[in-house]
Amino acid sequence: MDNMGSLAQTLNASGGTESAGFLNDLVAQLWPNINIAGCKMVKDIVEPILASTLPGPLKNLKFVKIDLGDVPMHLSEVDTHKTSGGGIQLEMDVTWDSKSDIELDGSMVPKIGIERIHLKGRLSVLLAPLTTVIPCIGAAQVAFINPPKLDLDFTDAANIADLGIISGTVRQTILGIIGGMAVLPNRFLVKLDNSSDWFKTYQPHVGVVRVTIERAVGIAGPKKSGAKRLLAKIVKDVPDCYCKVTVGAEEVWRTTTKKNDRDPEWNETRDFLVSDFDQNIVLDVDDDDVGADDDIGEGSISIKDILLGGGSKDIALSHKGEPTGAHLTVHAKFFNLVSDASALSTSDSQGEGQFCGLATVLVASVLGLDGKRDELRPSVKVTWGAKEFRTAVKTYTPGTDIFNPSFDQAFRIPVTRDLLDSGASFRIALLNKETETGAVDIPFADVLNGPDGVANAFDVGNGATVRASVSLKGLQIAH
């Protein structure tokens, strides 16, 4: 994408939406199997995360009954197109109004029943790499393009949940789990060919969007209740505004707070990685208040729409679906990720929250582990400067090769000026449980000067190797 025409063509590219009749028939036939598999995933994945994230007595909640019901998910508005990497991407709307039968029980809280799940979002299914061996697809990677909408209906026996804390906490925890597993840039990987190469399967980001929050106009202040409303009348409270910005499952960014200002001006900028041009820039303006902060208004716009609109937009803010009369001025620039060392040193990326490139570390597998299989708990730790990441810990289960485990994980490290100037080596360490058993240092210069970085089966000692790749991309403004 080297000129304005190519960026516009990319943003407008679409295979056209089609009927999802065949896919819905397929989902309906598979639903009994999907129900069983889904219930097992909920028990194995969701329950431990609930235990580690829910507060206080809610930590004891466990699923005592899980049935997703006989109503399958419904698919519509299917768009199919080729990716730049040669794969096939399907995008489709997903709606699900389940008649479920789910119960959670804990020793210190009443039994909680969930009788309906309402889920709505747009799903991306990436099929890559394409091969010449049946089924001709190496893997499928599934993700929501934006965080889905989720509502839970609790049974009459759990009216306490409808009072707020349990309902909201369970819902937010489940959304957090979905976000961590399957909201872009996170993709849920399903290998269709066990020999599929992670280096070819991984889908890189399409680029970086630089978002500037300029100002808000016409902030009337949040609607307060009780003591806060009385206090606001006495002191003629003027809101202390800040704006939260999210793109997909990336970390939330918060601007500074502007005190006592109904027309706050920020002119603050932050970079976000982009996996799909249909990802939304979600904006949430709040009043920094004593105790809990108050909502003022929300708005959103897709990356595609703001770029096609010239890179600037006044976005109307609403509160609980009602217009507030306020609007927020937002600007966006898009940068391509390019394999050009000079692009890493661009002077366009000097401000706080801006980065000049992206380092990507792919950990495919470990080969040649030694020891007793029941005592092996291998994982891989990646370090660059102060940044540290770790893969999942593998354990032996029947049918798995714990001596040659696959990880197929990606770690994305935004390159800041400090990281670039440090010249620190990348370090890949092999761990068993919490003990480091071997490591290798990859010089920064080797990664920087390699045409596609460095990819190898790295010898970490004791006869073991870690198959990994490390690459660096710089930023280049897209026209």
From the coordinates shown, Cα Rg over 2.2 N^0.38 Å corresponds to which of (1) 1.25; (2) 1.10; (3) 1.06: (3)
Between the range 255-328 and the range 74-117, the alpha-carbon center distance in angstrom: 27 Å
Order of exposure, largest accessible area first, which applies to Ile178, Ile213 with probe 1.4 Å: Ile178, Ile213
For Asp294, distant residues with modelled amide H under 5 Å away: Asp287, Asp289
Solvent-accessible heavy-atom area per residue, rounded to whole Å², over the chain at 1.4 Å: 49 Å²
Where only alpha carbons of the range 1-148 are counted, the Rg and the Dmax (Å): 19.6, 62
Solvent-accessible area of Glu251 with every protein chain in place, 1.4 Å probe, in Å² to the nearest 10: 140 Å²
Under 5 Å, built H, 5+ apart or other chain: amide partners of Ala478: Phe334, Phe335, Asn336
Protein-only accessible surface order, largest first, of Arg373, Arg427 at 1.4 Å: Arg373, Arg427
Per-residue ³J(HN,Hα) for the range 56-65, Karplus 6.51 cos²θ - 1.76 cosθ + 1.60, θ = phi - 60°, Hz, x for Gly and Pro: x, x, 5, 4, 7, 5, 9, 6, 9, 8
The range 14-77: C-alpha pair distances exceeding 19 Å, %: 52 percent
Axial C-alpha extent at least 18 Å, average Kyte-Doolittle at least -1.0 - helices from the chain (DSSP): 21-41, 165-182
³J(HN,Hα) computed for each position of the range 398-404 - Karplus, 6.51 cos²θ - 1.76 cosθ + 1.60, integer Hz, glycine/proline x: x, x, 9, 9, 5, 7, 9
Simple label model, 7 Å out from Cα along Cβ direction - Asp421 to Asn260, nm: 3.8 nm
Under the Karplus curve 6.51 cos²θ - 1.76 cosθ + 1.60, θ = phi - 60°, whole-Hz ³J(HN,Hα) for the range 190-199, x wherever Gly or Pro sits: 10, 6, 9, 9, 4, 8, 4, 7, 4, 5
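Grab the DSSP H runs of the chain that are 4 residues or longer, score each as -39,500 (n - 2.57), total them, divide by all residues and round the 222 nm result to the nearest 500 deg cm²/dmol.
After summing the helix terms and dividing by residue count, I get -5500 deg cm²/dmol.
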Built amide H within the under 5 Å cut-off of Thr437, gap 5+: Leu430, Leu431, Asn432
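As a test of reading the structure, rank Leu472, Leu30, Leu189 by solvent-accessible area (1.4 Å probe, protein chains only), most first.
Leu30, Leu189, Leu472
The values are calculated or read from the model by the stated rules, or taken from the named source; none is laboratory data. Predicted model only: the values in this text are computed from it and were never measured. Here the Cβ is made from the backbone with ideal geometry for all residues, glycine too, and neighbour counts use every protein chain on show. Remember, those area values only see protein heavy atoms, side chains included, never the ligands or the DNA or RNA. Shrake-Rupley method; radii C 1.70, N 1.55, O 1.52, S 1.80 Å.
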